[in-house]
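The values are calculated or read from the model by the stated rules, or taken from the named source; none is laboratory data. Keep in mind that what you see is a predicted model, and the values were worked out from it rather than measured. With ideal geometry, Cβ positions are generated from the backbone for all residues, glycine too; neighbour counts draw on all protein chains shown. For the accessible areas, the whole protein counts, side chains as well, though only heavy atoms, and no ligand, DNA or RNA atoms are used. Shrake-Rupley method; radii C 1.70, N 1.55, O 1.52, S 1.80 Å.
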Amino acid sequence: MGSNYTSTFMSRNSAFSPYRLLRREIGLPTPIGAENALSKSLYCGMKPIASWDYEKDNDVPTGGVFNLEFSPEGNLLVAACEKRSIQIFDPLTHYRIRSVNVAHSDCVNCVKFLDSRMFATCSDDATIALWDIRNLGRKICSLIGHSNWVKNIEFSVKDKLLVTSGLDGSIYTWDINSYTECNVVHHRVFHASDLMRCRLSPDAKQMVMCTTGGLLVIIHNLNLSTLAHDLRGFKPNLYRLMQMSHQLIPIAAMYDHLFDEERRENRVELVCDFPEGNDAKVVSALQIHPQGWCALSRNISHGDRSEWSCIHDIQPTDSSDKSTLDTETRSPPSPTPSLLPAPALTSANVPVPAPSPPSPRRTPPARARRLARHMNFRMLRQRNSNSRGQMGRNFNMQRIMGFATGIAPPASLARSRSAPRLLPPTTSDSTTPSTSGQTPAGRYGDTSAEEEATKHYIRQNRQRLLYYIEETNEGRGFIKELCFSSDGRLVCSPFGRGMHLLALNKDCSELSHCVQDFRGPTPLVEVGQSLGIHQDLVVSSKFSPRHHLLVTGCLEGKIVWYEPYSGEGLF
C-alpha cells in the first residue's frame, strides 16, 4: 500500500503543505494515505532545537542520563541520572523546573508515571521510591524487596499493581494502595537468574521478558495473581537448552503444559529467531509497541562483535491455527523393554515347557503370571542385545555430559546401572516444582508415569521476527534504551553519539499497513539521523506521548530536544 505513493502525493499532503490546509478548511475528506504523508513530513524533519546540561544551571554533575520518561499528558519530563538524582523539565520550554539531588543512594535507573501526579523510580540501591510531583521534598515511601540492582518498573492498569524487575532475577508485584507496618504488600511472581528486562503491554494482558541467553519470553493472557503458582520453578533458558540439544531434559519437559495453545491464562511462548549473522547473546533493552502489536529489543552478539535492533511480533495466535505449532516436532522416544506391556501368552512367543508328571497341587495364578512376565522379559533382552554394546561405549560421555547438565541419559542406560530414574511429576501436590530450581520429588518405579514420559515432545518456537537492523557497536557494556513514537510508526535508536530514526518502510507506514506486503524479516529503513550532537555515548531516548517531540540523553548528562523542522529537501 505505502510503496505506491508518489513524491507529489507525499509533498501535497505533508504537514507543511498549504494544499493540505486548504482541503481541511473547506471540509474535503482526507485521502487514503495522507496520514502517512503527514507523519513522514514531521518525523523526517526532526532536528535538534535545544539542549540542557548541569553546567547550564551551575549545578552539581548529574552523570549519565539512564532513562527519560514523559507524564501521560506530556507536560512533564523526568530524567533518571547516574549520580543519584532525578531532574524534572518542562518539555516545551526546555527549562528545568525541579531537581532532587539525593533521590536514592545509588544510580537511578528508571522512571515510571503511575498517573498524572505520581511516579516511581528504581535504583542500584535495590529499592523503589514513590514520588508525588506536588511535593518532591520527600518521597512517599521506599519499597524494599529486591536483593540486587532494580532496572525496570511497569504499572499494570488492569490490576493496579506496580511490577518491578532487577538483576537479582526476580519480578515483584507491589500493591501500593496497601500499607503495613514494615512495607508495602508485595509478592515475587517469577524468578530466573538470567533475567534482564520485563515489560507489560498497554492493556497488561501480556508480559514480555528478555534474558542474558538471547531469548524473549512472552506470557499471554497474563494473570499476575496466579503467575507465581503457574510458573513456579520454570527456567526459560533450560527449556531453550532442551530445544537446542534435541534431548529430553525432565526438569524442563515437565513444564510443557505452559506452552499449550488451549491454555487460558499465563501461556508461555519463547522467541529466539534473530536475523542472519546475529547470534544474540544478551538482550539488554526492551520496549513494547504503543498498541501492543510487537516488541522492540536491542541485543549484543557473542563476543560483543555486533549490536542489533529487532522487532518481533508478540500478538497471540489463534488456537485453531496449528500450522506452526511444533514446527520440528520430535517423535517420542522409542519404548524400552521395561516400558513395553507384557505380550499375550500365545504358542508363538512362549516356549512350550517339557511335559512333566502331574502334580497334586495346582500352580497359583499370581506365580504363573510372574513366570510369564519373566520369560517375556528375557526374550526382549535377547532381542535388544545388539544395541546394548553401542550404548555401553557411549555411557561415559553420557554420564559426563548428561548428568552434569541435567540432560537425562536414555532410560535403558539408567536401568543398566540399576539406578532409579526420576519421572515427570503427576498432578498431585507432592510433586509440585519448587521455586528454588531444585528437581521436584517424583515417584520411582511407577510404570504408568514412565509411559507418560514417552509422550513428551520437544516443542519448537514460532518465527516471530519482523524487522531488524545492525547498529553501531560503540560503547560496549552500556544499555541503550530505544523507544517507539506515540503512534508506533517510528523507532528512535541511540547511535553512537547521536541517534537515528527508523521506520518500517520509506513511507513511515503503520505496522498494520505493512503486514499485507510482508514476505519475511525485513531491514528497517533509516528516515533521519542526528549524529555528533552529544559529546558522549547516547544511552536513552523518548518520544512525547502528545507532541511530535523527541529527547535523548547521554553519559555526559546532556539532554537534547528534537522537533520537526520545515527545511529544504524534505521530499
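Provide the gained length on full extension for the span ASP175 to SER193, in nm with one decimal, where the gain is 0.36 nm per separating residue minus the Cα-Cα distance.
So the extension gain works out to 4.1 nm.
Please report the net charge: other residues with Cβ closer than 11 Å to the Cβ of ALA204, K and R +1, D and E -1.
+1
Might you tell me the accessible area per residue for region 29-122, computed with a 1.4 Å probe and given in Å²?
40
Expressed in nm to one decimal, what extension gain is obtained for the pair LEU136 and LYS47 from 0.36 nm per residue of sequence separation less their Cα-Cα distance?
28.8 nm
Would you kindly find the accessible area of PHE478, with a 1.4 Å probe and non-protein molecules such as ligands, DNA and RNA excluded, rounding to the nearest 10 Å²?
Taking all protein chains as shown, PHE478 has close to 90 Å².
Classify region 15-120 as rounded, prolate or oblate from the Cα gyration tensor: take a ≥ b ≥ c as the square roots of its eigenvalues, call it rounded if a/c is under 1.5, otherwise prolate when a/b beats b/c and oblate if not.
prolate
For region 86-163, max minus min Cα coordinate along each principal axis, in Å, sorted largest first?
Answer, in whole Å and largest first: 38, 31, 19 Å.
What is the Cα centroid distance between region 511-571 and region 59-134, reported in whole angstrom?
Taking the Cα centre of each part, region 511-571 and region 59-134 sit 22 Å apart.
Give the aspartates and glutamates reachable from LYS47 as a straight Cα distance under 13 Å; neighbours fewer than 8 places away on the same chain don't count.
Correct list for LYS47: GLU563, GLU568.
Per the 1.4 Å probe, what fraction of the accessible area of region 155-256, in percent, lies on carbon and sulfur atoms?
Answer for region 155-256 is 53 percent, counting heavy atoms of protein chains only.
For region 167-326, taking Cα atoms only, what is the radius of gyration to one decimal and the Dmax to the nearest whole Å?
16.3, 54
Given a 1.4 Å probe and heavy atoms of the protein chains only, how would you sort SER7, SER41, largest accessible area at the top?
Ranked list, largest accessible area first: SER7, SER41.
Jot down the per residue volume, in cubic angstrom and as a whole number, of the convex hull over the alpha-carbon atoms of region 242-284.
In region 242-284, the Cα hull volume divided by residue count equals 130 Å³.
Through the Karplus equation 6.51 cos²θ - 1.76 cosθ + 1.60, θ set to phi - 60°, convert the phi angles of region 84-100 into ³J(HN,Hα) values in whole Hz; use x for Gly and Pro.
Rounded to whole hertz, the list is 6, 10, 10, 10, 10, 10, 8, x, 8, 8, 6, 9, 7, 9, 6, 9, 10.
Rounded to the nearest angstrom and ordered from largest down, what semi-axes does the equivalent ellipsoid of region 167-237 get from its C-alpha gyration tensor (root of 5λ)?
22, 15, 11
Express the carbon and sulfur contribution to the solvent-accessible surface of region 1-150 as a percent, rounded to the nearest whole number, probe 1.4 angstrom.
Result for region 1-150: 50 percent of the exposed heavy-atom area is carbon or sulfur.
Leaving out same-chain residues fewer than 8 places away, which lysines sit with a Cα under 28 Å from that of LYS158?
Candidates past the 8-residue exclusion: LYS112, LYS139, LYS205, LYS235, LYS542.
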